[in-house]
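The values are calculated or read from the model by the stated rules, or taken from the named source; none is laboratory data. All values reported here derive from a predicted model rather than from experimental measurement. Counting neighbours? That spans all protein chains shown, and the Cβs are built from the backbone with ideal geometry, glycine included. For the accessible areas, the whole protein counts, side chains as well, though only heavy atoms, and no ligand, DNA or RNA atoms are used. Shrake-Rupley method; radii C 1.70, N 1.55, O 1.52, S 1.80 Å.
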Amino acid sequence: MTTSADFDELFVARFAAVVRALVVLGADRSTAEDLAQDAFLVALSDWERVGHLDRPEAWVAKIAVYKWRQLCKTVVRRQELSRRVWPFPKACERQPAEDVERRSDVVNGLLGLTERQREVLVLHYFLDQTVDGVAQTLGIKPGTVKSTLHDARAALAKSLEPSYADEFRKGGRVDG
């Protein structure tokens, strides 16, 4: 995957998935699209190196999640400074389920998880990363990913309707 056509193929195949993942993490649709575009632009600017990676899509996801985290940190810092002058609404506040694209019970349940649990679930299930891929993306150990997935699925199952929870407990994958 080293030609511009390879990059184009990656962009077409994975852009929407990266946007959806950022929305589930809490970004509004417009912000998610901007962050995904930025992540792909970073990949394009270093495509000679990124294109030779085993999973360039995982690298793009890592950059997108990093950019989301940076945006939230910046917004929080601005809010802290602005609060001294006037009340300032939280721009990186978790989006209520009705503002999220699918407005599903699952998304609402995801918003009740910790940031780490949400990131691990999104990378693993929405972006189809393996446990090792999630570990590499987030800079944590594979064992931490597995235990976080276990805890996150249990917490999500508790927040879902009983019929959904049973299906959720049966499904999923945890692989290396």
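Summary table
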item: Flag for Gln129 being modelled with pLDDT of 80 or more, among the polar types (S, T, N, Q), closer than 29 Å to Leu10 by Cα and assigned to a helix (DSSP H, G or I); result: no
item: Scope the stretch 45-66; condition more than 13 Å from Leu123 (Cα to Cα) and open to solvent by 80 Å² or more (accessible area, probe 1.4 Å); matching residues; result: Ser45, Glu48, Arg49, His52, Asp54
item: Those residues of the stretch 26-44 which are open to solvent by 10 Å² or more (accessible area, probe 1.4 Å) and in a helix (DSSP H, G or I), in sequence order; result: Arg29, Ser30, Thr31, Glu33, Asp34, Leu35, Gln37, Asp38, Leu41, Val42, Leu44
item: Candidates Ala91, Ala97, Ala165, Ala154, filtered to the one that is in contact with a helix residue (DSSP H, G or I) (Cβ under 9 Å, 6 or more places away or on another chain) and at pLDDT 55 or above; result: Ala154
